[in-house]
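What follows is calculated from the coordinates using simple rules that are stated; it is not laboratory data. This is a predicted model, so every value here is computed, not measured. Note: ideal-geometry Cβ built from the backbone for every residue, glycine included; neighbour counts use all protein chains shown.
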Amino acid sequence: MTERRGRRAANDGGPRVAVHREVRLGIAELVPDMDRTEAWLLFVDGVPQSGVDLGDPGYLEFEYVRRIAHVVDLAFPPSGSPIRVLHLGGGALTLPRYIAVERPGSRQLVAELDDELTALVRDRLPLPAGHRIRVRAADAREVVESVRAGSYDLVIADVFAGAVTPPRLMTAEFAALTARALRPGGVYAVNVAAGPPLEPARSAVATVGTGYPQTCVIAEASVLKGRRRGNLVVVASDQPLPLAGLSRVTASDPFPARVVSGDELRRFVSGAPVVTDASVAPVTDPVLAVNAGASGETAALPTKW
């Protein structure tokens, strides 16, 4: 493997080897995906975080990421039209890469607290040419609070500390902040880890719904029934969502999913408590706020894998 300006590029054509590095919030590992010649998987403290194919940013390894991409494709003008996106959580910047390629010219801001992780990703997994992706090393909630109202078409939340989401990013007040950041017709998409038990995920869905009149959930049927661990993608807006299109494309995925909305969604969240800022312990230090994700029953969401 050859050196490039003092660094080793992950895609320089030489033998691919795993990279291990201590970052701000744990131990990061970049591991070659043996099934694809230019693909890499990112783990932090052993938890899978992202998959990136440098040769094909349109290839999305994780099912929940593919479902969010379906939202990007269907909720906005035809593919190719640029949009403004706020990403809460960066990882290996999988979705920013996807949007940069599928919708050239899109302006994207990524809130990723772990600047050392971002440096590793930028060094080993270069971003596509001509991207307009800006990464801010800051707490996700502080970034949402600071952006101008009505300035984004899409907000994507995928923030995990290990296997849990920081509780201050799962409250009704936070949902309201994301709604404030969106223009009319904008969309909020959030990745929620789900049980069993299913109760914390049901509560998370109910909480997001307090900030938006239109919501749906995309997930595999076995996850929705609490039979196994997985991911719920919660999609919310102040305008009707493309439910028919989402149902069609997610049912055709390699791991088919269902779109739950309307009365069925109301039954799913019935009786689930809404999480508020008052119900989670305040943490003033951003690093502590992330690492406090496992404390408190409302935040104890299981693994995202």
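For the chain, the longest principal axis of the Cα atoms and the long axis of helix 199-209 meet at an angle of about 80 degrees. Where does helix 115-124 land angle-wise versus the long Cα axis of the chain, in degrees 0 to 90, nearest 10? The angle comes out at about 50 degrees. Taking the Cα centre of the chain as origin and assigning +1 to Lys and Arg Cβ atoms and -1 to Asp and Glu Cβ atoms, the resulting dipole is close to 460 debye.
The protection proxy used here, the mean number of other Cβ atoms lying within 10 Å of each residue, ranks peptides 164-173, 37-46 as follows, highest first: 164-173, 37-46.
In debye, nearest 20, what is the charge dipole magnitude of the stretch 218-260 about its Cα centre with +1 on Lys and Arg Cβ and -1 on Asp and Glu Cβ, if you could check?
It works out to roughly 280 debye.
Computed extension length for residue 278-residue 227: 15.2 nm, one decimal, from 0.36 nm per residue of separation with the Cα-Cα distance subtracted.
Equivalent-ellipsoid semi-axes for the stretch 138-185 (Cα gyration tensor, √(5λ), whole Å, largest first): 20, 10, 10. Could you work out how far helix 172-181 tilts from the main Cα principal axis of the chain, as a 0 to 90 degree angle to the nearest 10? It works out to around 60 degrees.
Estimated from helices alone, the mean residue ellipticity of the chain at 222 nm is -8000 deg cm²/dmol (sum of -39500 (n - 2.57) over DSSP H runs with n ≥ 4, per residue). One chain, two ends: residue 115 and residue 18. Fully extended at 0.36 nm per residue, the span grows by 32.9 nm beyond their Cα-Cα distance.
Placing a pseudo-label 7 Å from each Cα along the Cα-to-Cβ vector at residue 56 and residue 214 gives an inter-label distance of 3.2 nm.
Pairs of alpha carbons in the stretch 55-148 separated by more than 23 Å make up 21% of all such pairs. Shown here are the Rg and Dmax of the Cα trace of the chain, at 18.3, 58 Å.
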